[in-house]
Amino acid sequence: MSEVLLEVKNLKKYFTSKTGFFGQPLEHVKAVDDVSFNIYKGETLGLVGESGCGKTTIGRMLVNLLHPTSGDIFFEGTHISELKKNDHKKFCRSIQIIFQDPYASLNPRMTIGDIIAEPIKINKLAKGEELEKMVLQLLDYVGLASYHRNRYPHEFSGGQRQRVGIARALAVHPELIVCDEPVSALDVSIQSQVLNLLKDLQDEFHLTYLFIAHGLNVIKHISDRVGVMYLGKLMEVADSDKLYADPKHPYTQALLSAIPIPDPMKKKERILLSGDVPSPINPPSGCRFHTRCIKCMEICKRQEPQLKEVEENHKVACHLY
Ligand code: SF4
């Protein structure tokens, strides 16, 4: 396996959901609760789980849009709090994000050219003619034409707007891009175009992706490894092929059973999860999945299973292993 680009250790993010008379926190939403993982250079790590499982919160902490409650983030082996001023700037530039809703993430009053040029100007990477050349080049990389630079976001389709979002993320030469459900808001026919574009750009610029999605079907073709999250915790992490061929965690098995097979002759038994996802304010004791797990045992209600390696490059948090 290649070099570790980013290491996340015991990351937590609690949001205060209720305060007392004097503003003291009384209740917390445990959005991310003690999550650790590595992202290797050049790979795509998929992060998947139902809404509210904490995957987007993790992405936002990595790009500094949210501050962790506790935990450590190491970039190329150095703790981000120990980075010197210039290295910290480089770190911020090195991790960019593409948002789910491309329209909401683009300033409607700015032309596409200005939107793409903005991060280049802020980071003082180019100006004048060179800046103009960079913008045109970026438009070309994402499959847009030079005349698009004078248009406004509302003049574009969803897929084109997402291409603009990708161009803006690329503008500062990042190493890691957090792709936060970048195709969820797009038509199915456009989704594969954007996924193929991301794959091509990864090959060309040696990019690393953290690809966040709520369904395992979307990330199958783009991810080298996949992490499955449930209620703020990582339940399973494995190489993509292994995870799809031999899912170990009952939650992953249920998620995979929900993906339809494009062959009417083949039958697949669907594992139906009963009930809703419990509240992250007061998550279940022991294994957080025990209230919905069809394989739940007595120990699951009392003791929290740790994420441990059960096979090479295959980690699971479940008492069955
Ligand atoms: Fe199910 Fe128990 Fe495994 Fe949790 S630890 S997933 S409840 S079998």
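Observations
- Summed over the range 108-141, the residues that are among the acidic types (Asp, Glu) and buried (at least 18 other Cβ atoms within 10 Å of the Cβ) give a count of 0.
- Criterion: touching a residue at least 60 places away in the same chain (Cβ under 8 Å) and closer than 30 Å to GLN137 by Cβ - qualifying residue of LEU216, LEU234, LEU255, LEU210: LEU210
- Residue in the range 176-191 that is modelled with the lowest pLDDT, counting only those that are out of contact with any His (no Cβ under 8 Å at 6 or more places or on another chain) and within 21 Å of CYS92 (Cα to Cα): PRO182
- Screening GLN306 on (1) within 16 Å of the ligand (Cβ to nearest atom); (2) touching a strand residue (DSSP E or B) at 6+ places or on another chain (Cβ under 9 Å); (3) at pLDDT 95 or above shows it passes everything except condition (2).
- When residues of the range 245-274 are limited to those that are assigned to a helix (DSSP H, G or I) and of a type in the set (A, V, I, L, M), the one farthest from the ligand (Cβ to nearest atom): ALA245
- Scanning the range 275-296 for residues that are loosely packed, with under 13 Cβ neighbours inside 10 Å and either aliphatic (A, V, I, L, M) or within 12 Å of the ligand (Cβ to nearest atom) (or both) yields one hit, ILE294.
- The set of residues in the range 118-176 that are not in a helix (DSSP H, G or I) and not aliphatic (A, V, I, L, M) comprises ASN123, LYS124, LYS127, GLY143, ARG151, TYR152, PHE156, SER157, HIS173, PRO174, GLU175.
The values are calculated or read from the model by the stated rules, or taken from the named source; none is laboratory data. Predicted model, so just to flag it, every value in this text is computed and none were measured. Cβ coordinates were reconstructed from backbone atoms using ideal geometry, including for glycine residues, and neighbour counts include every protein chain displayed.
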